[in-house]
Amino acid sequence: MVSKIGRITVIVGLIAAGAWLAIRSVSPAAENAARVAAIQQAAPGSRVGQSSNGEQVPELVVAQPTTVDLRDIPAGVYDPDNQYDRWQRGEIDMLEDESIRPAAEMAKLRAEALRLPASGNITLAAEADGPAPNAPAPAGASFDSIDYTECCGGGGNVPPDPELAVGPNHAIAVVNVAFEIYNKSGVSLVGPTTFSSFFASNPNCTGVFDPNALYDEEADRYMLGIDADGFYYCVAVSQTGNPTGSWNIYAFPTASGADFFDYPHAWVGRDAIYMGANIFNGGFKESRVWAFDKWAMYNGQAAASANKPLPTTEDTPQPLNLHGWQQGTWPTSGPHYFFTETDYNGATYSVWSWANPFGGTSPTNVGTVNLT
């Protein structure tokens, strides 16, 4: 009898768990709670809890620039609160929290990855007699760039969030807390430089994480953007096509009160730099898209930022990135496009267009794609 009751209890428990999984709302998750707390503890006290009446950041704001010369910023500034040192001090557990793997295991995984064949569904470099599946990659320079453990005391934030911006003569490689600039042969020209040092001229650019790196082919300018405390998006644009010199720095407000701005992704548009991100308030609140007046920023002028919310069915907006200025395929008119995940099911994605963002317009849904 006891055994039978036990079996019934297990079955009822499984049914209840299944029902809960079926009806629970699914949505993206923010940075883990410990990291959110650590980031916001670094924020100036005047910002934490501001706009407690629920007031939103205005949909159109203007930011003033500060100017820095990258050559005046010391490289390799030690960060005493890097994750590796905090792990060594026993303050965090990177094995449990971040699933960090030993160096020997990483080397083994890299070797295995290099032996993987190309997918048979991919065709490269169509030749005169037809496509050439599994063709080798084009020849070119190759070099190791900055690793997240190479800067500022032997540690950095994980995951490393690497990005790369490449122009005619330079490549900027970024990880979560730092960046380094190379020539096209792999010679380091600047860095590694921490984002906190780079953005120090603007008091709103503290607690930085989740960096973005872009190259604008039309303007021959570089852009570095980063989340600051979950309240601001800080943007730096090079004053010329040489990123080792002077930059204009801006801080655009993105969240207030108990809201937390997370996971920004930025790309180059015809009329603006576009960015999408998620907003959390305890749980997922909404996603938003932004447009930054790139020409004003390139000229060191006061620059406008426009932002609009998306339906709560959408998350993690990804703007498209323009290429082809030299090839004549750069658009001369029309909206910018981006896509979002829809209903958080891992299969359905929506495509959106946004025209004239500084005129108060809203994005328009132009279709859906089912990846399955």
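The values are calculated or read from the model by the stated rules, or taken from the named source; none is laboratory data. This is a predicted model, so every value here is computed, not measured. Positions of Cβ are generated from backbone atoms using ideal geometry, with glycine treated the same way; all protein chains shown enter the neighbour counts. To get the accessible areas, we keep the full protein, side chains included, count just its heavy atoms, and leave off ligands, DNA and RNA. Shrake-Rupley method; radii C 1.70, N 1.55, O 1.52, S 1.80 Å.
Here are some notes:
- So Leu371, is it open to solvent by 50 Å² or more (accessible area, probe 1.4 Å), over 23 Å from Tyr232 (Cβ atoms) and in contact with a His (Cβ under 8 Å, 6 or more places away or on another chain): no
- Test for Ile279: is it assigned to a strand (DSSP E or B), without any contact (Cβ under 8 Å) to a residue 60 or more places away in the chain and touching a Lys or Arg at 6+ places or on another chain (Cβ under 9 Å): yes
- Residues considered: Ala306, Ala255. Of these, the only one that is farther than 17 Å from Phe339 by Cβ, assigned to a loop (DSSP other than H, G, I, E, B) and not charged (D, E, K, R) is Ala255.
- Scanning region 310-327 for any residue that is within 21 Å of the chain's Cα centre (by Cα), open to solvent by 50 Å² or more (accessible area, probe 1.4 Å) and within 30 Å of Gln239 (Cα to Cα) turns up at least one such residue.
- Odd one out for Gly257 among (1) touching a Gly at 6+ places or on another chain (Cβ under 7 Å); (2) over 21 Å from Thr149 (Cα atoms); (3) surrounded by 21 or more Cβ atoms within 10 Å (Cβ to Cβ): (3)
- Only listed residue being among the small types (Gly, Ala, Ser) and at pLDDT 95 or above, chosen from Ser333, Ser256, Ser362: Ser362
- The listed residue being modelled with pLDDT of 95 or more, in a loop (DSSP other than H, G, I, E, B) and crowded, with 18+ Cβ neighbours inside 10 Å, out of Pro243, Pro264: Pro243
- Positions within region 90-104 being surrounded by 10 or more Cβ atoms within 10 Å (Cβ to Cβ) and either modelled with pLDDT of 75 or more or β-branched (Val, Ile, Thr) (or both), in sequence order: Glu91, Ile92, Asp93, Ile100, Arg101
- Every pair of residues 6+ apart whose Cβ atoms lie under 8 Å, when the first sits in region 286-307 and is without any contact (Cβ under 8 Å) to a residue 60 or more places away in the chain while the second is in a helix (DSSP H, G or I) and basic (Lys, Arg): none
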